[in-house]
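Q: Got a structure for you, written out below as structure tokens; questions coming shortly.
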Amino acid sequence: MNAGIDIGYKATKIATSSQHKMFQSIVGTLDESSFKTSGVEATSLVIGDSAYFIGRAADEQSRFASRGQETRNWIETTDYDVLIKASLGWLHEQYPDEDEYTVVTGLPVSYFRRDAEKLKAKFLGAHSAVYNGEEYHVSVVNARVIPQPFGTLFSYVFDRNGVVNEKHAKLAMTKVGVLDIGSHTTNMQVIIRGDDLAKESTSIAVGGWKLVQAVKERLGELMPELEPSDHAVAAALEGERLMYYGEEIDIRSVAAPFASDIANSIKAQVAATWGTAADLYAILVTGGGAHLIGEYLKFPQSWIVPDPVFANVQGYSNFAQRVARMGQ
């Protein structure tokens, strides 16, 4: 089994050659009574004597729940370990006959050199837990950790079987920039002929969640009775309806000035790090925040990648297929 796993502050994503999965990066206590009586489809995980709800179930049912921590040492927390086990549990649920995995995952650019080997060690080796009531035992025999924006490049350069995609092969042979707009950070990566150009790669503490918070605060000023949750605002920004006394809110007009301000912050960092960016063959705009902010980030050679939410993790999966094919 070859797969990509992307554990982000907001969401955890998993991809294989044929399917993908996403759940919120929320870990909560599993209360036995709520587990038995709830009608909501729940993701549960038991590791030894500890039981957890994951994702939506943790958000809605757990008495105590924690979200992804916006800190450098998040990968050292119990929650991160639980999200790894949950990801492997989902893979085993989908592919029950597979018990040896090649996994590719990623880290923000700023954390990569410090934490890559540490994260690799977390994945490698035997894993067991009870996922949604079914016990599993699997082994990660090969693990690769790459800078997150490489995932988007690999989603173009390799197909889902790990074979070079000739249509986009030039991206691997030139100098390319990637703007990966996450929930809390934006990764800027320059890749030249497939290698990281460290001096032109960095992370900044701004992302799609900053827009969500700004819009929520503004809605509170305009419509104090509304009180939407963060996730309701995020969903509205991504296309779902948000109603106010029977009328649909034009949330894009509310969001536009904030999205423009955030995009200008990113552009300022681009100018400081990449200069005019005229020497880049392409700039790929990706990540969960791309739909929210990407349209305000215009460069002559830039575009928002197809399915930017899953682009990184699909690239991880494509690269995992490549690693397995090449016996690396």
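The values are calculated or read from the model by the stated rules, or taken from the named source; none is laboratory data. All values derive from a computational prediction rather than experimental measurement. Neighbour counts run over all protein chains shown; Cβ positions are idealised from the backbone, glycine included.
Q: For TYR156, work out the one condition from (1) assigned to a strand (DSSP E or B); (2) buried (at least 20 other Cβ atoms within 10 Å of the Cβ) it doesn't fulfil.
A: So the condition that TYR156 fails would be (1).
Q: Further question on the same structure: Would a scan of segment 258-271 turn up a residue that is touching a Phe, Trp or Tyr at 6+ places or on another chain (Cβ under 7 Å), among the hydroxyl-bearing types (Ser, Thr, Tyr) and assigned by TED's automatic domain parsing to the domain that holds GLN189?
A: Within segment 258-271 (the criterion being touching a Phe, Trp or Tyr at 6+ places or on another chain (Cβ under 7 Å), among the hydroxyl-bearing types (Ser, Thr, Tyr) and assigned by TED's automatic domain parsing to the domain that holds GLN189), the answer is yes, since at least one residue qualifies.
Q: For segment 259-269, what are the residues that are over 11 Å from LYS298 (Cβ atoms) and surrounded by 20 or more Cβ atoms within 10 Å (Cβ to Cβ)?
A: Listed by number, the residues that qualify are ALA259, ILE262, ILE266.
Q: State the number of residues belonging to segment 39-49 that are touching a Leu at 6+ places or on another chain (Cβ under 9 Å) and at pLDDT 90 or above.
A: Step one: list which residues in segment 39-49 are touching a Leu at 6+ places or on another chain (Cβ under 9 Å), which gives 42, 44-46.
Restricting the remaining residues to those that are at pLDDT 90 or above gives 44-46.
The number of residues fulfilling the criteria is 3.
Q: On to the next question. Can you pull out every residue in segment 246-281 that is under 21 Å from LYS216 (Cβ atoms) and touching a strand residue (DSSP E or B) at 6+ places or on another chain (Cβ under 8 Å)?
A: Listed by number, the residues that qualify are ILE249, SER265, ILE266.
Q: Against the definition (assigned to a strand (DSSP E or B) and buried (at least 22 other Cβ atoms within 10 Å of the Cβ)), how does VAL130 come out, yes or no?
A: no
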